[in-house]
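Below: the structure, in structure tokens.
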Amino acid sequence: MNRLLLSAQLVERGPMRYTPAGLPALDLGLRHESELTEDGVPRRVSMQLRAVAIGEVTRGLSAMALGESAVFAGFLAAARNGRGLLMHITQVERNGPAPMPINSDSDSDSVSSFKEISHGPTPR
């Protein structure tokens with residue numbers, strides 16, 4: 001399973017672009033900071049992560065203010081240039097009272113209140 005949930009701030013957002021299939025796409029930067037326990041020892045975690053959003057989820061992300069916090073859900077994949085990892089965002093839940101618009105189809109593998117957005121068949 002390749003599934004990532006990350007509480008983070010939106011710190012970068014590139015201009016809206018479109019895939020060859022005509023889907024909207026956004027390149028994003030996320031920043032996460034937390035304190036966790038690892039083997040009984042507190043550990044401060046601070047990191048930045050590159051991310052991309054494709055399709056319907058871009059609508060809500062384009063309306064988010066830079067610096068706004070949310071819970072981002074998706075999966076990890078190698079970056080196109082082969083340098084590092086890239087989070088593909090499929091769902092976002094803003095920390096405010098209402099989540100961003102996402103696909104309303106129910107998914108039994110969803111985590112918490114998230115709903116899966118389909119991007120077509122999985123390549124083999």
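Things worth noting here:
- Pair list, Cβ < 7 Å and 6+ apart or interchain, from region 57-74 residues that are over 11 Å from residue 95 (Cβ atoms) to residues that are charged (D, E, K, R) and outside any loop (DSSP other than H, G, I, E, B): 66/13
- Strands (runs of 3 or more DSSP E) wholly inside region 6-107 that include at least 3 residues being surrounded by fewer than 18 Cβ atoms within 10 Å (Cβ to Cβ) and at pLDDT 95 or above: 24-38, 41-54, 69-78
The values are calculated or read from the model by the stated rules, or taken from the named source; none is laboratory data. Keep in mind it's a predicted model, so treat the numbers as computed, not measured. We place every Cβ from the backbone using ideal geometry, glycine too, and count neighbours over all the protein chains shown.
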